[in-house]
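Working notes, beginning with the structure itself.
The values are calculated or read from the model by the stated rules, or taken from the named source; none is laboratory data. Everything numeric here is computed off the predicted structure, so don't read it as measured data. Quick reminder, even Gly has a Cβ in these numbers, built from the backbone with ideal geometry, and neighbours come from all protein chains shown.
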Amino acid sequence: MKLIGTRREFLRSSAAAAGTSLLLSACGRGTATQSEPRADEQASAKKENNEMGGEVTATEDLMREHGVLRRALLVYTAAAAKVRGEHSSVVADALQKTATLFRDFGEEYHEKKLEEAYIFPAVKKAGGLAATYADILIVQHASGREITDYILAVTRGAKLGATNSEPLAKAMDALVLMYRNHAAREDTIVFPAWKQTLTAEELDEMNDKFEDIEREQFGEDGYENAVKQIADIESSLGLADLEQFTAPPPPKP
Ligand SMILES: [Fe+2]
Ligand SMILES: [Fe+2]
């Protein structure tokens, strides 16, 4: 999905070839045909350099994953209001799908395979403000998993039971509040601090590593599929139309 692996290798080899050519030219030992990249190589390198959108960096990757999870939180907020008023099968099914996405994409991949494996150990080692957050963030991951277990369990049937409605709504509200705070701290403090622990070359390697992990976990198009899943869930609950959320004008002061 990220156009990195082979493209990067190609660019590296192109850059190496270009560097060799420059060196040969500077030493006056190369003929025009030996020292300059072939026209088709130059055209390919230019095309690859101009690939629409370019590559996705590791930190961009983490933050756009948060975007998917934030959309799941918006579903939970809307669903909390609905389950307090009705116990429809549509809501139960949408919540089962949302919690499954949160488990697979958020907890098992984003949290466990990336943050807990790479980000938190590095920022803890580096010290500073971000290091003080790492242990709290891990506790919150565990808390989120308990709530996801609960949502999965109570939405398994076709309909939500009346007795489950209020506890379910409260659990979703609590998860939303925690995770909004959690992801906002990661975006603004922890991920930038992690980036500071890496050289440009190491960050480049992490871009590749995160892509490999994503491919191992989901095959091709892991992120795109997650976006599609949350969009389908939003549609089922009438949340797909963005315009409905445009704020009305405030009252006159
Ligand atoms: Fe996290
Ligand atoms: Fe996160």
Considering segment 108-146 alone, what residues qualify as being crowded, with 20+ Cβ neighbours inside 10 Å, without any contact (Cβ under 8 Å) to a residue 60 or more places away in the chain and among the charged types (D, E, K, R)?
-> GLU111
Give segment 61-102 a look and list any residue that's within 16 Å of ligand 1 (Cβ to nearest atom) and at pLDDT below 95, or say none.
-> ASP61
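Out of ARG156, ARG215, I need the residue that is assigned by TED's automatic domain parsing to the domain that holds ALA122, more than 16 Å from ligand 2 (Cβ to nearest atom) and loosely packed, with under 14 Cβ neighbours inside 10 Å. Which one?
ARG156
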Do we have GLU224 as within 18 Å of the chain's Cα centre (by Cα) and surrounded by 12 or more Cβ atoms within 10 Å (Cβ to Cβ) here?
-> no
Looking for whichever is more than 21 Å from LYS82 (Cβ to Cβ) and of a type in the set (D, E, K, R) here; the options are ASP173, ASP104. Which one fits?
-> ASP104
Considering only segment 186-201, state which residues are surrounded by 14 or more Cβ atoms within 10 Å (Cβ to Cβ) and more than 15 Å from the chain's Cα centre (by Cα).
-> ILE189, ALA193, TRP194, LYS195, THR197, LEU198
Identify all residues within segment 113-140 that are under 24 Å from GLU214 (Cα atoms) and near ligand 1 (Cβ under 10 Å from one of its atoms); write none if there are none.
-> LEU114, GLU115, GLU116, ILE119, PHE120, ALA134, LEU137, ILE138, GLN140
